[in-house]
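Comments concern the structure below.
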Amino acid sequence: MLYFGIKTYAPVASFRIPETHTFQQTLPLPPITTLIGILGAAAGFSFQKAIGYFTENEIYFGVIGKHRGKTKDLWKYRKIKAGESVTAVLLKEYLIDLDMTIYIVCKDLTLAQEIRNYFLNPYYVLTAGNSDSLLKIKEVTNITEIDLRKLYEFENTVLPGDHAVNFESKIDLKTVPLMREIYAPQVHLLPTMFDFKGDERRVKNRQPFTFVDTPIRLKEPIFGFEENNKAVALL
């Protein structure tokens, strides 16, 4: 397998948990559909074409990232109620100072070079969830060959599947800054595939994903690779 990394930074980011409305909570890292959307924006594809490109070429993602904290913001919007347009307010959650590396993994060198070139010269401006949350590319690493292997220890990443009972905490509380919030692994059932009909799209498939904050060790390992002593799972 081959991979390269895209090191990014966003001053603010928000990856809304699907089906949240008046309080739009954010995931700690982008879900698989957002990663596909980022690839599509770099390549200049529509979202439908980006999903097809991702599926047909057997592309995998990995993601590792940390943020400094969270904040909330009130948004005013208009909605249809009883046949008329009225104003309402929702509360939106944001991540602050998100440093994140996105990994692209595939089997074909020509494909890897093509995707890397997309990120070296993106067609559209990249965003971290919202259209006004700009995502800056700091570095695109070289393409490297890897061997996948079983991995046990993860932190600040996303794992495929539900690992709610498949881990033990490895956090050392003595090393955690006093003001830092810490989270147990979060499991979310998220869309992975859509049916498209014109401009309309409907969720076709959902899969569980586990969002990991502080260090954990899995009881049953999953496949991935290591870069600079950081474990990366394939999505």
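Taken together, the values in this text are just the output of simple stated rules run on the coordinates, not laboratory data. Predicted model, so just to flag it, every value in this text is computed and none were measured. Virtual Cβ from ideal backbone geometry, glycine too; neighbours counted across all protein chains shown.
Please check: in the Gaussian network model of the chain (C-alpha springs, under 10 Å), which one of Tyr60, Tyr124, Tyr77 has the largest mean-square fluctuation. The residue with the greatest mean-square fluctuation here is Tyr77. Around the amide H of Leu148, modelled in the peptide plane, lies no amide H under 5 Å away from a residue 5 or more places distant or on another chain. Just so you know, the Cα atoms of the range 164-235 work out to an Rg and Dmax of 16.8, 55 Å. Extension gain, Lys70-Thr87: 0.36 nm per intervening residue step, less the Cα-Cα distance, totals 3.5 nm. With θ taken as phi - 60° and the Karplus curve 6.51 cos²θ - 1.76 cosθ + 1.60 applied, the whole-hertz 3J(HN,Hα) list for the range 209-226 is 9, 10, 9, 10, 9, 6, x, 9, 10, 6, 6, 10, x, 10, 7, x, 9, 10 Hz, x standing for glycine and proline. Placing a label point 7 Å from the Cα of Glu56 along the Cα-to-Cβ direction, the residues of the range 12-46 whose backbone N falls under 15 Å from that point are 40, 44-46. Taking a straight Cα-Cα cut-off under 21 Å and skipping sequence neighbours fewer than 8 places away in the same chain, the lysines within cross-link reach of Lys92 are Lys66, Lys70, Lys72, Lys76, Lys79. Once both labels are positioned 7 Å from their Cα atoms along Cα-to-Cβ, the gap between Asp108 and Lys219 label points is 4.1 nm. Here is the list for the range 142-209: chymotrypsin sites (Phe, Trp or Tyr not before Pro) lying in DSSP coil, each with at most 15 other C-beta atoms within 10 angstrom of its C-beta, are Tyr183.
Cα centroids of the range 119-189 and the range 5-57: 13 Å apart. Taking K and R as +1 and D and E as -1, what net charge do the other residues with C-beta under 11 Å from the C-beta of Asp99 add up to? With Lys, Arg at +1 and Asp, Glu at -1, the neighbours total +4.
Mind jotting down a quarter of the surface of the convex hull over the alpha carbons of the chain, in square nanometres, one decimal? Intermediate values should be presented prior to the final figure.
Numbers: hull surface 57.5 nm².
Mean orientational projected area (the chain, Cα hull): 14.4 nm².
When GluC sites (Glu not before Pro) are flagged only if DSSP places them in a loop and at most 13 other Cβ atoms lie within 10 Å, the longest unflagged stretch of the chain comes out as 59-180.
Count Lys and Arg as plus one, Asp and Glu as minus one, and take only other residues whose Cβ is under 14 Å from that of Glu226; the net charge is then -2. Under the criterion of Cα pairs below 8 Å and six or more residues apart, the relative contact order for the chain equals 27 percent.
As a calculated quantity, the FRET efficiency between Arg78 and Ala184 at R0 = 45 Å, using C-beta atoms, amounts to about 0.75.
Name the trypsin sites (Lys or Arg not before Pro) in the range 126-221 that are in a loop by DSSP and that have at most 12 other C-beta atoms within 10 Å, would you?
Arg180
Using just its DSSP H runs of length 4 or more, each adding -39500 (n - 2.57), the chain gives a mean residue ellipticity at 222 nm of -4500 deg cm²/dmol after division by all residues.
Largest GNM mean-square fluctuation across Val86, Val187, Val12, computed for the chain with C-alpha springs under 10 Å, falls on Val86. Taking label positions 7 Å along the Cα-Cβ direction at both Lys230 and Met193, the computed distance is 3.1 nm, reported to one decimal. Straight Cα distances below 19 angstrom link Lys219 to the aspartates and glutamates Glu153, Glu155, Asp162, Glu168, Asp172, with same-chain residues fewer than 8 positions distant left out. The phi torsions of the range 13-24, fed into the Karplus equation with coefficients 6.51, -1.76 and 1.60 and a -60° offset, translate into couplings of 8, 8, 10, 4, 5, x, 6, 8, 10, 6, 10, 8 Hz, rounded to whole numbers, with Gly and Pro shown as x. Applying the criteria of a DSSP loop state and at most 12 other Cβ atoms within 10 Å to the trypsin sites (Lys or Arg not before Pro) of the range 53-84 yields Arg68.
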